[in-house]
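To keep things clear, I will list the structure first and then write my remarks on it.
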Number of protein chains: 2
Amino acid sequence: MALRVRKNRVAIPAGVVRVKSADAAHACPLTRVMGLLSGAWAPHVVWYLSDQPRRFGELRLDIPAISARVLSQRLRELEAKKVITRAVVPTTPPSTEYELTALGRELVPALAAIAAVGEKLGTEEAPPPRRRRRRAS
Amino acid sequence: MALRVRKNRVAIPAGVVRVKSADAAHACPLTRVMGLLSGAWAPHVVWYLSDQPRRFGELRLDIPAISARVLSQRLRELEAKKVITRAVVPTTPPSTEYELTALGRELVPALAAIAAVGEKLGTEEAPPPRRRRRRAS
DNA sequence: CTGTATCCAAACCGATACTG
DNA sequence: CAGTATCGGTTTGGATACAG
């Protein structure tokens with residue numbers, strides 16, 4: 001993995017190299033996992049699925065701020081990435097069970113670590129994730 | 001914090017409540033931290049800053065895929081959120097030192113957990129984070 | 001109940017060019 | 001070196017309405 005920008009490579013004077021951080025050793029392990037959790041809500045989905053399998057509507061209640069559209073999108077993406085499984089229970093009315101796969105469960109400790117930080121920061125005021133104001137009209 | 005969607009609230013028959021997951025107990029601790037790491041590159045910035053303070057150009061080399069514009073944006077956002085500090089060293093040419101704050105260091109373990117998962121998944125092929133194809137023209 | 005389709009806004013990102 | 005300005009493109013997300 002070439003360690004240099006494509007276009008605007010900055011010329012660092014040889015000898016001023018302070019510390020070669022990205023040495024392919026612990027290069028970008030974040031990238032892989034981040035790819036699995038793309039989108040602001042994917043982590044929440046996995047998180048709420050970590051307790052036990054849940055259904056669409058339950059997840060919707062777990063994450064009030066999410067819209068059905070986005071929840072559906074993330075769910076299908078996570079399914080495609082083998083992070084969760086989708087099981088349709090042919091009842092009336094039909095219901096679906098979403099559950100973490102082995103891969104998905106791998107992510108839980110990481111999310112737990114994040115949640116732990118959140119708890120620790122805790123009480124401090126927390127700016128809402130990313131509220132969008134609807135246009136004034 | 002009302003546990004119900006604003007508009008499209010789904011009516012779950014009372015008695016079918018499987019498990020009350022989001023009970024304000026371990027509600028959404030992710031949200032707070034996610035807000036700190038908004039954007040696909042913010043985690044990387046914090047991650048590469050976890051070793052030691054680094055300069056703008058160094059971070060740019062650490063994260064080849066990032067553009068100067070976005071790096072600058074994230075840097076200023078993280079500074080505003082008190083995750084990092086910016087110190088301008090009045091030399092010629094001028095240089096700047098970015099360093100994690102106490103808050104920023106809180107995030108490192110969480111990122112380490114993510115990185116650990118990434119390492120564990122490791123060798124498996126990893127779809128690039130979110131490569132954008134430039135337009136064909 | 002479980003989604004999907006449209007419409008629209010905002011966040012995010014890269015390339016390039018330019019300033020102090 | 002350290003940024004910012006501008007431009008255009010992609011991605012994510014909310015609201016609403018509607019379908020199986």
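Read-outs: derived from the displayed coordinates by stated rules, not from any lab. Just so it is clear, the model here is predicted, and its values are computed rather than measured. Heads up, the Cβs are rebuilt from the backbone with ideal geometry, glycines too, and the neighbour counts pull from every protein chain shown.
Quick one: of A:82/B:81; A:81/B:82; A:81/B:120, which pairs are farther than 22 Å apart, Cα to Cα? Could you put the intermediate results ahead of the total?
On the way: A:82/B:81 34 Å; A:81/B:82 34 Å; A:81/B:120 16 Å.
Long pairs (Cα-Cα over 22 Å): A:82/B:81; A:81/B:82.
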*Rank these for me by crowding, A:97, A:58, going from fewest to most other beta carbons within 10 Å.*
A:97, A:58
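Give, rounded to the nearest 20 debye, the magnitude of the charge dipole that the stretch A:41-120 has about its Cα centre when Lys and Arg contribute +1 at Cβ and Asp and Glu contribute -1 at Cβ.
Values: 11 positive and 9 negative charges, 48 e Å.
In debye, rounded to 20, the stretch A:41-120 gives about 220.
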*Shortest first and in nm with one decimal, please list how far the residue B:102 label point sits from its counterparts in the other copies (point 7 Å along Cα→Cβ).*
4.3
*Two-decimal log10 I(q)/I(0) for the stretch B:41-120, as the Debye equation yields it once each C-alpha is a single scatterer, q = 0.19, 0.27 Å⁻¹*: -0.80, -1.40
*Check the axis relating chain B to chain A and name the residue of B whose C-beta is nearest, distance in whole Å.*
B:113, 2
*How far is residue A:56 from the same spot in each other copy, in nm, shortest first, if each label point sits 7 Å from Cα toward Cβ?*
4.9
